[in-house]
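K.L.:
Quick one: the structure is below, questions incoming.
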Amino acid sequence: MVSRAAKHVFSRYLRRVPLLDVPDVVAHLLNCLVGFKFNPSPSAHRSPYDEFSAVKVPEWTLLDGTSMQAQIGHEVYRRFRYQLEENWWSRCKCLVLTREVCLKMGFQLKARDYLFEKPETIAAFPGKSKKTNGTNGHKVEEATFYPEDILNVVPIVKEAPFKV
């Protein structure tokens with residue numbers, strides 16, 4: 001139910017987004033959905049082409065983990081008439097939910113180890129952490145997903161199986 005509700009929330013934000021901004025939006029939405037344990041309020045990465053955009057501050061940049069949780073809870077109640085528990089968010093399996101949403105929406109992600117929670121060594125020794133990871137130049141503590149991680153968005157074609 002949660003992955004189907006997330007699909008509807010994602011499609012609401014991706015409906016009127018320019019093609020160049022799709023990786024930015026998908027990365028931010030995935031950070032809000034499953035990266036909440038790593039960074040509760042992720043910042044939106046905007047492409048340098050946004051300076052030519054007519055909309056100065058898109059609505060997807062204002063989204064954070066708690067508003068995503070509220071929208072998914074509302075969507076589950078609206079579509080399935082089921083009230084989610086208060087702590088469903090903390091018990092969700094992030095990798096499984098990411099896989100389900102990516103299959104339903106057609107997102108292809110880069111094959112790498114994604115951090116959904118802060119490692120114990122970095123949390124225990126905050127002064128010993130690196131400032132950049134060297135691969136993309138992002139800070140280590142910044143987010144789970146980056147726009148570079150979204151490789152492709154493929155269309156999902158639903159068809160009925162042909163029976164003779």
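Each value in this text was obtained by applying a stated rule to the coordinates, not by laboratory testing. Keep in mind that what you see is a predicted model, and the values were worked out from it rather than measured. Every residue, glycine among them, receives a Cβ derived from its backbone with ideal geometry; neighbour counts consider all protein chains shown.
K.L.:
Determine, from the Cβ-Cβ distance of residue 43 and residue 159 and an R0 of 45 Å, the FRET efficiency 1/(1 + (r/R0)^6), rounded to the nearest 0.05. Present the calculation step by step, with values, prior to reporting the outcome.
P.N.:
Values: r = 40 Å, r/R0 = 0.88.
Step by step, r from the Cβ atoms, then E = 0.70.
K.L.:
Pick out, in residue order, every one of the GluC sites (Glu not before Pro) in the range 74-124 that is DSSP loop and has at most 16 other C-beta atoms within 10 Å; say none if there are none. Intermediate results must be reported in sequence, preceding the final value.
P.N.:
Values: sites: 75, 85, 86, 100, 117, 120; in loops: 85, 86, 117.
Here the sparse-neighbourhood loop sites are 85, 86, 117.
K.L.:
If you don't mind, another one. How much net charge surrounds residue 158 when only other residues with a Cβ under 15 Å from its Cβ are counted (Lys, Arg +1; Asp, Glu -1)?
P.N.:
Numbers: positive: 4, 7, 104; negative: 159.
Net charge in that neighbourhood comes out at +2.
K.L.:
With point charges of +1 on the Cβ of Lys and Arg and -1 on the Cβ of Asp and Glu, referenced to the Cα centre of the range 10-106, which listed residue (18, 103, 30) lies farthest in the positive direction of the dipole?
P.N.:
103
K.L.:
Additional query: Considering only Cα-Cα distances, which of the following residue pairs are longer than 18 Å: 37/104; 93/158; 93/118? The partial results should precede the final answer.
P.N.:
Working: 37/104 23 Å; 93/158 27 Å; 93/118 15 Å.
Over 18 Å apart, Cα to Cα: 37/104; 93/158.
K.L.:
Taking the dipole about the Cα centre of the range 1-90, with the C-beta of Lys and Arg at +1 and of Asp and Glu at -1, give me whichever of 62, 5, 44 is farthest to the positive side.
P.N.:
5
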